[in-house]
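Step one of this worksheet: look at the structure below.
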Amino acid sequence: MLRSKSENCCISYARRPEITARIIDGKAIAEKVRAEVAIGVSKFSAEHGFPPGLTVVLVGDDAPSAVYVRGKEKASTEAGFKGQVIHLVDSTPEAEVLATVQRLNADDTVHGILVQLPLPGHIDSDLITSAISPAKDVDGLHPVSLGMLLAGSPGFIPATPLGIQRILVEEGVELSGAHVVICGRGSLVGRPLSVLLSQRGSGANATVTLCHTGTRDLAEITRQGDVLVAAMGKAEAITGDMIKPGAVVIDAGTSRVDDPTRKRGYRLSGDVAFAEAVEVASAITPVPGGVGPLTIAMLLQNSLKAAIRALEAA
Ligand code: GUN
């Protein structure tokens with residue numbers, strides 16, 4: 001059962017009236033989180049006489065990564081962080097990226113470090129991610145952070161899964177006992193989200209099915225999801241017939257699809273065929289403007305947490 005936000009009543013998935021889905025406003029939810037974080041940042045800065053610091057490392061010229069990093073820098077500065085981007089050229093040797101991370105680990109003015117992925121092919125992403133101090137791992141991708149999440153005592157939770165959970169909570173979706181079907185087992189979204197939503201506690205306690213490229217008859221499983229999360233990185237892979245009527249659909253995909261009718265030559269597409277899905281789901285996140293803004297907001301939330309913890313530990 002899905003609790004309707006506006007009417008505070010329950011809609012049966014099976015006997016749902018024919019309506020089009022509510023479009024979830026990720027930007028508005030992210031604004032709320034960012035405003036909460038900005039209050040915390042201002043309190044932190046007043047107490048300590050310096051702002052919390054977040055440094056993002058970008059290696060190379062991947063165009064979508066550059067856009068994401070600009071967004072992170074802008075949002076962190078707006079929230080009052082000492083935001084910094086270190087942009088290294090594509091050919092930077094692995095050892096130099098490692099040395100950059102180690103220098104940031106030792107810098108007391110930097111409380112959070114994020115190395116934007118993907119990294120150029122000659123750099124081992126796992127090596128770099130593992131080199132970040134777990135105390136500054138605001139991306140939540142260090143093996144210690146992931147292990148703590150698995151152990152049920154989370155340190156830093158990866159921003160996109162945390163953002164998806166926040167969307168579901170803000171939208172009043174009852175997760176306890178719900179069947180959440182996640183498509184995609186990537187380390188940034190699908191895998192950590194499966195752990196996050198299946199743990200005990202509020203905003204979780206769901207029955208989670210994690211689908212991947214080895215899943216047989218994907219549609220048969222996706223149609224069972226009260227909540228369906230698409231995180232496959234494959235444009236419009238989830239079609240309307242794969243969605244349970246009345247399901248809540250969360251689209252964590254962003255792909256650039258060639259589109260000669262657009263001035264820039266491409267459009268952004270999610271992993272869900274939106275026009276079809278909107279006729280079947282009860283609520284759905286758009287692309288852009290759904291999950292993406294929450295990823296940035298939750299990164300800021302993690303970064304404030306890192307700064308507070310660092311000062312408590314000092
Ligand atoms: N690239 C796309 N999403 C992310 C993210 O959440 N963290 C990092 N480090 N890189 C990304």
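A few remarks follow.
- Inter-label distance for residue 50 and residue 125, nm, one decimal - labels placed 7 Å from Cα along Cα-to-Cβ: 3.2
- Share of Cα-Cα pairs in the chain lying beyond 27 Å, as whole percent: 44
- The lysines within cross-link reach of residue 32, meaning a Cα-to-Cα straight distance under 23 Å and a gap of 8 or more places when in the same chain, are 5, 43, 72, 74, 82, 305.
- Annotation: the residues 87, 142, sorted from fewest to most other C-beta atoms within 10 Å of their own C-beta, follow the order 87, 142.
- Largest GNM mean-square fluctuation among 74, 263, 136, using the chain with Cα springs under 10 Å: 263.
- Debye log10 I(q)/I(0) for region 78-128, one point scatterer per Cα, at q = 0.19, 0.21 Å⁻¹: -0.69, -0.82
- If you plug the beta carbon distance of residue 257 and residue 61 into 1/(1 + (r/R0)^6) with R0 = 30 Å, you get a FRET efficiency near 0.90.
- Here the calculated FRET efficiency for residue 42 and residue 153, from their Cβ-Cβ distance with R0 = 35 Å, stands at 0.75, rounded to the nearest 0.05.
- When each of 221, 39, 132 is scored by the number of other beta-carbon atoms lying within 10 Å, the sequence from fewest to most is 39, 221, 132.
- Overall dimensions of region 58-190, expressed as equivalent-ellipsoid semi-axes from the Cα gyration tensor (√(5λ), whole Å, largest first), are 28, 17, 16.
- Just checking the listed ones, 219, 159, 79: in the Gaussian network model of the chain with Cα springs under 10 Å, the one fluctuating most is 219.
- Between residue 213 and residue 105, the modelled label-to-label distance comes to 3.2 nm, taking each label 7 Å out from Cα in the direction of the beta carbon.
- Positive-end ranking of 66, 92, 81 along the dipole of region 61-105, with charges on Cβ about the Cα centre, is headed by 81.
- Which of 94, 73 has the fewest Cβ neighbours within 10 Å, and the rest in rising order: 94, 73
- Simple spin-label estimate for residue 266 and residue 117 in nanometres, 7 Å along Cα-Cβ: 2.0
- Charge dipole magnitude, Cβ of K and R +1, D and E -1 - the chain, Cα centre, debye nearest 20: 540
- Just checking the listed ones, 286, 161, 118: in the Gaussian network model of the chain with Cα springs under 10 Å, the one fluctuating most is 118.
- From phi via Karplus (6.51, -1.76, 1.60), per-residue ³J(HN,Hα) for region 88-93 in Hz, x at Gly/Pro: 9, 5, 3, 8, 4, x
- Placing +1 on the Cβ of every Lys and Arg and -1 on the Cβ of every Asp and Glu, with nothing else charged, gives region 201-295 a dipole about its Cα centre of roughly 380 debye.
- Computed from backbone phi, the HN-Hα couplings of region 114-129 come to 9, 9, 5, 10, x, 8, x, x, 7, 10, 7, 4, 5, 5, 5, 4 Hz, rounded to whole numbers (Karplus: 6.51 cos²θ - 1.76 cosθ + 1.60, θ = phi - 60°; Gly and Pro given as x).
We did not get these values from a lab; they are worked out from the coordinates using the rules stated. In this text the structure is predicted, and so the values were computed from the model without any measurement. Every residue, glycine among them, receives a Cβ derived from its backbone with ideal geometry; neighbour counts consider all protein chains shown.
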